[in-house]
Structures are given as structure tokens and as C-alpha cells.
Amino acid sequence: MLTYLLSLPRPVKRIITLAIDVVLLLTAFWFAFWVRIDSMTPVTSYPHWILISSVIVATLACFVKLGLYRAVIRYITAQVLVAVSFGMAISSFLLIVAAFYSNLFLPRTVPIIYFAFGLLMITGSRLALRMIINRGLKLGTKVIIYGAGASGRQLLPALSQASEYYPVAFVDDNPQLQDTVIHGMTVYSPKKLVWLVEKYEVKKILLAMPSVTRGRKNEVIQQLEGLPCEVLSIPGMVDLVEGKAKIDALKKVSITDLLGRDPVDPVPELISRNIFEKHVMVTGAGGSIGSELCRQILKNHPRTLVLYEVSEYSLYAIERELSEVITTKKLSTKLIPILGNVQDQPHLERVLENFKIETIYHAAAYKHVPLVEYNVTDGVNNNVFGTLACAQAAIACGVSKFVLISTDKAVRPTNTMGATKRIAELVLQGLASAQKTTCFSMVRFGNVLGSSGSVVPLFEKQISSGGPITLTHPDIIRYFMTIPEASQLVIQAGAMGQGGDVFVLDMGEPVKIIDLARRMVTLSGLKLRDNINPEGDIEIKTTGLRPGEKLFEELLIGENVRQTQHPRILTANEVMMPWEDLSKYLDHLKIACGQFDHSKIRELLIKAPTGFTPTDDICDLLWVKSNTL
């Protein structure tokens, strides 16, 4: 029946509502007489019928003018009380005037009682009908809103206007809010979460805590782990204020919420020192780190920003994104997209010279460990000789600052990628001591969340497809940091460089990858499938370490570790090679790569002061194939 009524055309539903109001106004008039004189006899007289009929017609016209019949009952709020109050006040006044001029019997308190009954019946009927409709249509997912503060109170009416979610309760840590009722919904203590989930068969928990610290949010999420519910959160206050998101724009809990550490605000002087009103270039501008560096650099108003990238699509994507930002915010920065290979030194020099580059952030590199193991010569050429070409071009063109984006895998590397990145560091250290034109510095950090090689997107995809989650080793651990935080720290570390500095970002506590996978499963409202729970949803399978992969990563190998003026940036003295020796070494390595002599390449990589201790035989696919023929 309810579905049939809701399916009727709007004009028909308005006529039905209007007819109901006629009945309610008549009933209010009769009840007013009955309450006043304990009898409804006067109302049966013909003159009184004429009186109330004329008043009702005028009242309905007033309600139409107030927009009462344009409102969709399913979405009405307590504001309907104002419109009905105003309409009933006019109706009562008209009743008094009509009775006076027609000289009909009307006790003085009857209009007041009529006003009260009419207000109660018409307003109450609409609110009751809204409740019936919403409850009748609530086929959506039952949810609990965690957080009864301002955000939670805004979220509830937003969800009430949609059928996707059906809120059943608030949960809040504040004892003063517990056991109170907000918008008709009770606020419970977190201790009752298990009971609430079982009682209402809740499928999702919505975190309405956009302003709390990451550490506090992590504590709350830990309480929710183990419940058979998916955990979603509303956007942060910054996004809400800037209009980038709405209060009801729910999203999955991001892994950044699980790090339990809040980013430190950047030091303004450091983050703008090498950028503000300068000509800046980013190599690998379309990659995960390079693109975020470009976003952070643009916020600090460079005069020119050159995007240097070998991938046409990646360059197109970041250039288009940044151009929109420049147009929207009316920035004066000139954006220059350049297609080019970092190994092409003549081309690099033309770019640096023509655009008068003062600062370079060198993010172009091959960083995927197994792929570099399978393509050794390309990894060496790009990571080592690409860095060398960029550095020598920078010196030739008088670039003031050159910052290399390095990796924690450069520390005591067990893989070719890490070894090439450590040699790239040696190149800059050697050049820093051999000349005074360009200030070279290097910044090391671990994994960044959301990068093209991160495990997080892979795990999310595997969970959404029903599993299994593939893990290389149950004991593997990694450091994690968000891309924006890492990019900001890279810029600030580069600003502190004096020449040949190796900076290390404080990555916080390492994360055990299997624990990360388990948390992602449980926060998706699913259960792990293992020997203890064979009926679970998602299984974690161990596939074995890939070529060159380490169980754990380090960030420092040097001595005299020192704190800098930024609490998250450290520096240390690292082993280096004099440029004369390093230059000869690079010549030999170049020849070995040109001759495709992988045995010699492996020998030279081990010979360099990198601490390279390979855990696998040579895995280059082309070399292996040519040696098996």
C-alpha cells in the first residue's frame, strides 16, 4: 500500500494531502468546542458549517502560499512547524473575524484551542507520515555513527534523505553525551558496540570524527577491528570547508589513519627557500613522488616549473592537473611540460639553459625491485647514469640546488635497484666534493602509501575481488609515509643541504605487512580465512620473497647521526668515493653495460662501497635467456 501511494503522481499526492488537512481542520474545530463546552452540538448547525468551511478554504490557500504542499514529506524537517504555526495563526484569526461578523456563537477560548489542535494534528501527521515512509523504505544498510559531535549530528539528517544507509545508533566516547537522544537516536558508550552490532545486525560503522588526530583515530579503529562491520569515514574538515567534499561523502578508512602518527607542519622558511620566485625543474614529474613534489612546489609559487618526464601520458596527466590549479587559483607560475630522457645530457642542458633552472628535484628512477632485477642494464643506465647526466648538466648550467630522491633500499642493498640508488648517491657525493657550483643533497625514505609500487592498492584490489591476499613473507616489515608528507619533507631537507648531505626522513615505527593485510580485511567488514577460521572470507597466501627483496629495510648506515632543525629529518656521514676514483669506476660500469656483460656488472656493483650483498643469482631476463640457448 505504501509503495503504491508513493508511486502516485505528485499532483495526486498533493490532493490527498490537502483532503487530509481538510479533515484534520474540521476535527480540530469540533474538538475545540468539545473541550470548551463538553459538547459538539453547536457545530452541527448549518451556519457553523458555513463558517468553518470558509475558514478552511482560506487556511488551505494560506498553506499553499506558504509552500506546505510543495514540500516532500519524506524529507521534511522540524521547519514545517514554523509554516504550520503561521498558517494556523491566520486560520484562528479568520475564525474570530468570521464569527464576529456573522454573529455566531463562538466561545473566546475556542480559537486558541482550535489553533493548538490544528498545529498538533497537521504537524504531527506530517512528521508521523515521514517516519512511516522512511521506516517503510529503509531497505538500506544498517549503520552506527561513531561520533555524536557536530559532524555526526550533520551526518544523520544527510543520511536520512537517502535510502542507502539506515542509522540505528550513535556511539561516542564522551560520557556527557552517552544515554542522551540526538535527533531521535540514542547515544551509546563504545563498550556497547558488540551488543549494538548483534542487536541491529549492523553492517557498517561510519566514523564521524574528521578533526581528531591520526593517533586518536587509530585508537578508535583498533576498537572496531574484529567487529563484522566495514568501517567508513567522512572527509576531513579541510575538505569540507574548501568544498572538496560533502558531509555525507563516505569513504573507506584510509591506511594513513592506521599509521597512528600526525604529520608535522612544514617550516615555511625551509619549504619556500629553493622554490619561491625561482625556476624549478622536477625530473620524473609524472610519477607518484614526482607528481606530488610538483603539487607541493606549485603551492610555494615558483616563477617557472618545468615538468621533465619520459612518459607522454604521465606528463599529460600532471600538466593538465597543475594547469587547472593555476587557472583556478590565478597563479602566475609558468608551467613547462618537457618530454625527455634523463640520460640525454645535451637535451637536459638545453632545457636548463633556456629556462634558467635554479633548483632540480631528481625523482626520475626505476624503483620496482623485481623489475630492475629482471632488467639490470636499464636499471643501471637510468638510476646511475641518468643521475650522472642530470648532475653534470646541472653543474654545466650553473644550477644552484640539486636534490636526489633516494630510498631506504640503498642501505646495505640486497638488490640491484638499491645498489644503483646508492651508487647514484655516491655520484652526487663525489661531485659535491669536486666542484662548488651546484649544491647536491640526497633524501632517503621508505615506502609511500598510494605510490605505483605500494602494496596497499594491490591489497585493496585483492580484497575487493574476494582474495586471496598474496604476501611474499609473513615476517616482512616496511616503513610507511604518506606521499604529501614525504614530498614536503624532501623539499625541506633539500633546503638544508650544504653539499653532499645525506638526509633521512623519520618514517615512524615499521609496519608488519601481514598485520596491515589483516587490518585491511577486518576493516572491510570481512573475516580472515585460516586454520582457525576455515569459513572466513579472505585468505592470506605466502608466495615467497621476490628476487632482491629484503625482510626489513634500514635508513642509515653512517655514523654521527644528527638532528636537523626539522624534527622529522636526520642527517649522517656516509662512506663516499673521491671523484677521481668514482669517475674511473663509472667508466668501467658504462663499458660493462654497453657490452651487456652482466657478470662484470654484478662484480662492479659488489666492488663499490655500497654494501651490496645480492641474495639471488643474476636474474636479468634477456641475459638468462641468452645463456640458456
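One table, with the values for the structure above:
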| read-out | value |
| --- | --- |
| Only listed residue being at pLDDT below 80, surrounded by 14 or more Cβ atoms within 10 Å (Cβ to Cβ), in contact with a strand residue (DSSP E or B) (Cβ under 7 Å, 6 or more places away or on another chain) and among the acidic types (Asp, Glu), chosen from 574, 559 | 574 |
| Test: residue in the stretch 409-426 that is modelled with pLDDT of 90 or more, more than 26 Å from residue 616 (Cα to Cα) and crowded, with 24+ Cβ neighbours inside 10 Å | no |
| Search result, residues across the stretch 603-623 that are more than 13 Å from residue 418 (Cβ to Cβ) and part of a helix (DSSP H, G or I) | 603, 604, 607, 621, 622, 623 |
| For residue 503: the one exception among (1) more than 21 Å from residue 409 (Cα to Cα); (2) at pLDDT 80 or above | (1) |
| Close pairs from the stretch 583-599: first within 28 Å of residue 625 (Cβ to Cβ), partner hydroxyl-bearing (Ser, Thr, Tyr), Cβ under 8 Å, at least 6 apart | 593/377; 596/377; 598/377 |
| Helices (runs of 4 or more DSSP H) wholly inside the stretch 166-276 that include at least 2 residues being at pLDDT 70 or above | 193-200, 214-224, 268-273 |
| Filter result (within 13 Å of residue 290 (Cα to Cα) and either in contact with a Leu (Cβ under 6 Å, 6 or more places away or on another chain) or among the hydroxyl-bearing types (Ser, Thr, Tyr) (or both)) within the stretch 477-497 | 487 |
| Selection from the stretch 403-445 of residues that are part of a helix (DSSP H, G or I), under 19 Å from residue 612 (Cα atoms) and in contact with a strand residue (DSSP E or B) (Cβ under 7 Å, 6 or more places away or on another chain) | 408, 410, 424, 425, 428 |
| Hits in the stretch 383-395 (condition: buried (at least 24 other Cβ atoms within 10 Å of the Cβ) and of a type outside the set (A, V, I, L, M)) | 383, 386, 387, 390 |
| Conditions (1) modelled with pLDDT of 80 or more; (2) aliphatic (A, V, I, L, M); (3) more than 19 Å from the chain's Cα centre (by Cα); number of the one not met by residue 477 | (1) |
| Those helices (runs of 4 or more DSSP H) lying entirely in the stretch 277-387 with at least 2 residues farther than 29 Å from residue 583 by Cβ, without any contact (Cβ under 8 Å) to a residue 40 or more places away in the chain and assigned by TED's automatic domain parsing to the domain that holds residue 600 | 288-299, 312-329 |
| Filter result (under 25 Å from residue 216 (Cα atoms) and among the aromatic types (Phe, Trp, Tyr)) within the stretch 150-199 | 170, 188, 195 |
| Of all residues making up the stretch 70-95, the number that are modelled with pLDDT of 75 or more and surrounded by fewer than 17 Cβ atoms within 10 Å (Cβ to Cβ) | 6 |
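The values are calculated or read from the model by the stated rules, or taken from the named source; none is laboratory data. Since the model is a prediction, treat every value here as computed from it, not as a measurement. Here the Cβ is made from the backbone with ideal geometry for all residues, glycine too, and neighbour counts use every protein chain on show.
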